[in-house]
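The values are calculated or read from the model by the stated rules, or taken from the named source; none is laboratory data. Treat the numbers as computed from the prediction; the structure is a model and nothing was measured. We place every Cβ from the backbone using ideal geometry, glycine too, and count neighbours over all the protein chains shown. Each accessible area value is taken on the protein alone, full model and side chains, heavy atoms only, with ligands, DNA and RNA left out. Shrake-Rupley method; radii C 1.70, N 1.55, O 1.52, S 1.80 Å.
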Amino acid sequence: QVQLVESGGGLLQPGGSLRLSCVASGSIFSIYAMGWYRQAPGKQRELVATINNGGIANYADSVKGRFTISKDNAMSTVYLQMNSLKPEDTAVYYCNAEVLVEAMGEYDYWGQGTQVTVSS
């Protein structure tokens, strides 16, 4: 099986910064892409940022210029550096991975989520 574990969420004031981390482990042959999604209460889950194994990143317009996604060389860990945070960034942030599982096939996995709250 494959596990994704997020960390780094918390409570902070507008304009602050936070870094989220996601670690992938398990029977992984390779990871095609990883990314971050978020969901606020009563809202749909939305894409925040993704990065593929070639290092190509994509961002939602709402976070472009403020957030940066990055990965380690093995793509076992992905980060989301969040700067200039706004109250509208408040949500549960979920890590996602497109994974080729050993002796199985390609699957889409999700972490349990980490809460980010931005308020005065």
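Computed values, structure above
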item: Length-normalised contact order of the chain in % [C-alpha pairs under 8 Å, at least 6 apart]; result: 37
item: Carbon plus sulfur fraction of accessible area for the range 1-105, probe 1.4 Å, in percent; result: 49
item: Residue among C95, N52, G15 farthest towards the positive dipole end of the chain, charges placed on Cβ; result: G15
item: Ranked order, E102, E46, E6, E88 - accessible area, probe 1.4 Å, largest first; result: E88, E102, E46, E6
item: Solvent exposure ordering (accessible area, 1.4 Å, most first) of D72, D61, D108; result: D61, D108, D72
item: Accessible surface, the chain, averaged per residue in Å² (probe 1.4 Å); result: 53
item: Accessible heavy-atom area order of L18, L85, highest first, probe of 1.4 Å; result: L18, L85
item: Largest-first principal axis extents of the Cα set of the chain (Å); result: 49, 26, 21
item: Qualifying aspartates and glutamates (Cα of each under 16 Å from Cα of K71; at least 8 residues distant if same chain); result: E6, E98
